[in-house]
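The structure's right below; bear with me while I get my questions together.
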Amino acid sequence: MRRRKNHSNYLNLTPLIDVVFLLLLFFMLSSQLVEEPALRVRLPETTVTEAGRVQALTVTITSEGKVFLGARETVLKDLANAIRQAVETTGDAVVRIRADRDVSVQLLVSVVEQIKTAGVRNISIVTRRK
């Protein structure tokens, strides 16, 4: 008489789950979380984007023409002093500009001028990928 072998018909998912959790943990720890201010602006679109890993001061220009340094509203003429003070306290010499796509070019140029007056030479403009 022949004996029948009992084969289990299940797939052991434990190693797969271990690998998924390790990958999840790796990406959570290796990714950089960027805090964006809660100001709503419609960013201009571009097909070329460059991801930066440097902490930077953020200047936001809303469609109404209001200028914010971080989450604090500031007047354009006081922007250079505010940036100079922020650079002294945080040590960041990089400024990101988040301007609404409807902002006039003159206002954008004035903001860049104020940033350069504060002594910052590393300026980037935040865009959104198409």
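What do you get for trypsin sites (Lys or Arg not before Pro) in segment 73-104 restricted to DSSP loop and a cutoff of at most 14 other Cβ within 10 Å of the site's Cβ? Walk me through the numbers before you get to the answer.
Details: sites: Lys77, Arg84, Arg96, Arg98, Arg101; in loops: Arg101.
Answer by residue number: Arg101.
Full-extension gain between Tyr10 and Ser104, please, as 0.36 nm times their residue separation minus the C-alpha to C-alpha distance.
Extra length from Tyr10 to Ser104 when fully extended: 27.4 nm.
Oh, and also: Fewest first, what order do Leu107, Leu22 take by the number of other Cβ atoms within 10 Å?
By the 10 Å Cβ count, ascending: Leu22, Leu107.
Just so you know, all these numbers are worked out from the coordinates, no wet-lab data involved. Every value quoted in this text rests on a predicted model; they were computed, and no experiment measured them. Backbone-built Cβ (ideal geometry, glycine too); neighbour counts: all protein chains shown.
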